[in-house]
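The values are calculated or read from the model by the stated rules, or taken from the named source; none is laboratory data. Predicted model, so just to flag it, every value in this text is computed and none were measured. Positions of Cβ are backbone-derived with ideal geometry, glycine not excepted, and every protein chain shown enters the neighbour counts.
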């Protein structure tokens, strides 16, 4: 086959992928640019991701790794931590007997404490210890291996004064609890939930373990009303992808991909990046 014909076929395939990403509602319309692409490592072939992107008016530094075995992930984690990066998203899934981690980092000056792959007694002991030292749980992800549940988590200390906390509390006088963290895992085809609530006056809407069609319909209905994803989880039960999500009303816009493979995710992420979009929420099918 002639090189020109091969090149034409490759171009057509690329255009098909771009058309699929740009035509999905409510994906943002974007133009291909020549700016520096986002940083990531690894190119997994079996991963499927559900992601929401939000747009910033200033440049937000962001780097990520996908489906890394723990020891390789830990090397990346330690290297980035020493350079002033903090975890923004942390996900873990099991493939065979391997635990694979996905992480998104951003530049931060806020200190953090992390644990990876602890069983419940050890995790709870660490949680209790850190709580009394003033650390608060910010990220939680779980996985099941050999019928045991393992926890990975990130804690941070609030970087505000007591007076600021009191002023904020007096200003909003919250009456209800709202979900701060919600993580899911599957045992014997049943979805289990772990949750952390905090006081808030936020308007909040949730769906629990619904299929892709229901999730997409809900998101599409909420998107023009100014809702953004606050939490997203994705599990496989009997071969079906199920989504658990929490939206909060922010008034801001968002773009998204739903259950996409690595190739399509990478295309959308790269093109959104140059217009200032960054990952807000991300779930890895597990």
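If only one of 115, 65, 144, 60 is within 30 Å of residue 213 (Cβ to Cβ), surrounded by 12 or more Cβ atoms within 10 Å (Cβ to Cβ) and in contact with a strand residue (DSSP E or B) (Cβ under 6 Å, 6 or more places away or on another chain), which one is it? So that I can check it myself, show each step before the final result.
Details: 115 fails: within 30 Å of residue 213 (Cβ to Cβ); 65 fails: within 30 Å of residue 213 (Cβ to Cβ); 60 fails: within 30 Å of residue 213 (Cβ to Cβ).
Within the list 115, 65, 144, 60, the selection yields 144.
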* **Residue pairs meeting the criteria (Cβ under 8 Å; at least 6 apart or on separate chains; first on the phi > 0 side of the Ramachandran plot, in segment 124-148; second not in a strand (DSSP E or B))** => 134/157; 134/158
* Structure fact -> A careful count of residues in segment 227-279 that are more than 17 Å from the chain's Cα centre (by Cα) and within 18 Å of residue 62 (Cα to Cα) gives 5
* Structure fact -> Inside segment 219-230, the number of residues satisfying the requirement of being farther than 10 Å from residue 247 by Cα and in contact with a strand residue (DSSP E or B) (Cβ under 8 Å, 6 or more places away or on another chain) is 1
* **Residues that are surrounded by fewer than 18 Cβ atoms within 10 Å (Cβ to Cβ) and not in a helix (DSSP H, G or I), drawn from segment 212-231** => 226
* To do: Determine whether residue 105 is closer than 23 Å to residue 50 by Cα, in contact with a helix residue (DSSP H, G or I) (Cβ under 6 Å, 6 or more places away or on another chain) and assigned to a strand (DSSP E or B).
  => yes
* Asked: Could you list, in sequence order, the residues of segment 232-260 that are surrounded by fewer than 20 Cβ atoms within 10 Å (Cβ to Cβ), over 14 Å from residue 54 (Cα atoms) and modelled with pLDDT under 85?
  -> 259
